[in-house]
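What follows is a single structure, written as structure tokens, with notes after it.
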């Protein structure tokens, strides 16, 4: 099949594109800088040099595509509010418009569990968890609005995944920053020391994305009422939970929820790491024949 991976030059997108190529699919990689994916291009991936804010380019990239994996997003710990909206909301709208215009069969949207973070401990959270009244960051808000846009696209087959704190080969943000801070002695404890945070191995996320693409009923959103049914697929490897320190994201502990600071930038507060954030994928493992 013909696949389009937005954000295909990033950490997760590259691993997904590689897996798709290995399965014999024809892959297009949409991103702004193709330097990190030269090996994938040598294996046959096609480059689409474009910014998610370029609506016409994004729509055109969907031509002749069977499945779009919308992985691309602005997920920086701070930045201009307008940039988050233009990229995460406007970019998602452009992807959906491209799917409609070119008859794309399925669109898979990579969201974030931060869209349901409400500042309190969250244990075994399911897909039914409500959105909070206030969001932890502009990023979380814009990803939630992106989910709204995807759910409203009733004429398309859509799947939303919310992987948490992705790590693994190619990670240049989460664990490398933790290790660097630890070596410099800058890892004070946050919370009471018992708070747990889910981590997700990158290849587990790729495996889930492949299953969301291939499982016939994955886009229906229907689950057996008694919890029995066919497994969507057995995850590769195991889930991970860990205790994370204060400066895990390199953001000062004095930042606040969804505020605009003096420089006009939206910032993220670090106490999203100070409470337990543990999700369950038990429902997602089942689909109907």
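Taken together, the values in this text are just the output of simple stated rules run on the coordinates, not laboratory data. The model shown is predicted, which means the values in this text are computed figures rather than measured ones. Note that each Cβ is placed from the backbone with ideal geometry, even for glycine, and that neighbours are counted across all protein chains shown.
Measuring between their Cα centroids, region 1-35 and region 131-208 lie 20 Å from each other. Averaged over residues, the count of other Cβ atoms within 10 Å places the peptides 36-46, 71-81 in the sequence 71-81, 36-46, highest first.
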